[in-house]
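Right, one structure below, let's go through it.
Please treat every number below as a calculation from the coordinates, not as lab data. Just so it is clear, the model here is predicted, and its values are computed rather than measured. Cβ placement follows ideal geometry from the backbone for every residue including glycine, while neighbour counts extend to all protein chains displayed.
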Amino acid sequence: MEPYVYPEGCVFKSLSDIAGKKITVMGLGLNGGGEACVKFFLKHGATVTVTDMKSAEQLMPTLKRLAEDSAIDKTRLSYVLGQHRIEDFENADCVIKNPGVKIQGNKYLAAAKAIETDLSIFLHFTKAPIIAVTGSKGKSSTVSAIHYGLLGAGFQSYLGGNIT
């Protein structure tokens, strides 16, 4: 079996480049990342397909928040839940991969024209300086200490991520 060759990222030079694009969000999830991506791309004029192996029942808190958000145009939003369909990846201009989705050996991502993550899209468009912390243990404590240290030193700081 041949190894999959994964594509490069999406090309958005400006926010206006998003309008009219077909975006597939792979992994809606329950922690807000997929939800934020859906809102971002709809706000900027894309047509969004959300695909997740979880069922509507499992994703209900996130689905409810999206359904109740009057600021987004839901006519350009569709869901494929409990499964993935290869055509949702082949037909998308860009696939946004949830951090929990493994890329190695993933036939759906291999079918995509371009792949990004919520973080890569954010980093592409933000002009703000960023401090990021990675690792497997102690991230919440570390970023909280950095955040409160910056605030104490008089800097404007925002704390984001899955803070526990």
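Shown for the chain: cysteine residues without a partner Cβ closer than 4.7 Å, namely Cys37.
Within the set (i) 115; (ii) 143; (iii) 133, the number that volume of the Cα convex hull per residue in Å³ takes when calculated for this structure is listed as (ii). Using the Karplus relation 6.51 cos²θ - 1.76 cosθ + 1.60 with θ = phi - 60°, the per-residue 3J(HN,Hα) values for segment 15-28 come to 4, 5, 5, 6, 4, x, 7, 9, 10, 10, 9, 9, x, 5 Hz, with x marking Gly and Pro.
Of the trypsin sites (Lys or Arg not before Pro) in segment 1-95, the ones in a loop by DSSP (not H, G, I, E or B) with at most 10 other beta carbons within 10 Å are Lys13. Rounded to the nearest 0.05, what FRET efficiency is calculated for Asp73 and Asp17 with R0 set to 22 Å and r the Cβ-Cβ distance? Working from the Cβ atoms, E equals 0.75. Normalised by the number of residues in segment 1-129, the mean separation of alpha-carbon contacts (under 8 Å, six or more apart) gives a relative contact order of 32 percent. Here the simple spin-label model places points 7 Å from the Cα toward Cβ, and for Met53 and Glu90 these points are separated by 2.2 nm. Kindly provide the chymotrypsin sites (Phe, Trp or Tyr not before Pro) of segment 58-164 that DSSP labels as loop, not H, G, I, E or B, and whose Cβ sees at most 13 other Cβ atoms within 10 Å. Filter output for segment 58-164: Phe155, Tyr158. Farthest toward the positive end of the dipole of the chain, out of Phe155, Val101, Ile121, is the Cα of Phe155, where the dipole comes from beta carbon charges about the Cα centre. Tell me, which longest segment in the chain has none of the GluC sites (Glu not before Pro) that fall in DSSP loops with at most 15 further Cβ atoms within 10 Å? The answer is 58-164.
Restricting segment 91-164 to trypsin sites (Lys or Arg not before Pro) that sit in a DSSP loop and have at most 14 other Cβ atoms within 10 Å of their own Cβ leaves Lys102, Lys127, Lys137. The GNM of the chain, with springs linking C-alpha atoms under 10 angstrom apart, assigns the highest mean-square fluctuation among Val25, Val48, Val80 to Val80. Think of the chain as a dipole: +1 on every Lys or Arg Cβ, -1 on every Asp or Glu Cβ, centred on the Cα centre; then among Ile131, Ser70, Ala46, Ile131 lies furthest on the positive end.
Which entries of Lys22/Lys137; Lys54/Lys102; Lys102/Lys137; Lys113/Lys139; Lys21/Lys139; Lys21/Lys137 show an alpha-carbon separation above 27 angstrom in the structure shown? Could the numbers behind the result be given before it?
Details: Lys22/Lys137 36 Å; Lys54/Lys102 15 Å; Lys102/Lys137 20 Å; Lys113/Lys139 33 Å; Lys21/Lys139 35 Å; Lys21/Lys137 38 Å.
Exceeds cut-off: Lys22/Lys137; Lys113/Lys139; Lys21/Lys139; Lys21/Lys137.
For the options Leu63, Leu151, Leu81, a Gaussian network treatment of the chain with springs between C-alpha atoms closer than 10 Å singles out Leu151 as fluctuating the most.
Near Cys94, the amide H atoms lying under 5 Å from its own belong to Lys22, Thr24; only residues 5 or more places off or on other chains count, and H is placed 1.01 Å from N.
In this label model, Phe125 and Ile103 are separated by 2.1 nm, measuring between points 7 Å along each Cα→Cβ vector. Here the chain is assigned +1 on the Cβ of each Lys and Arg and -1 on the Cβ of each Asp and Glu. Its dipole about the Cα centre then comes out at about 260 debye.
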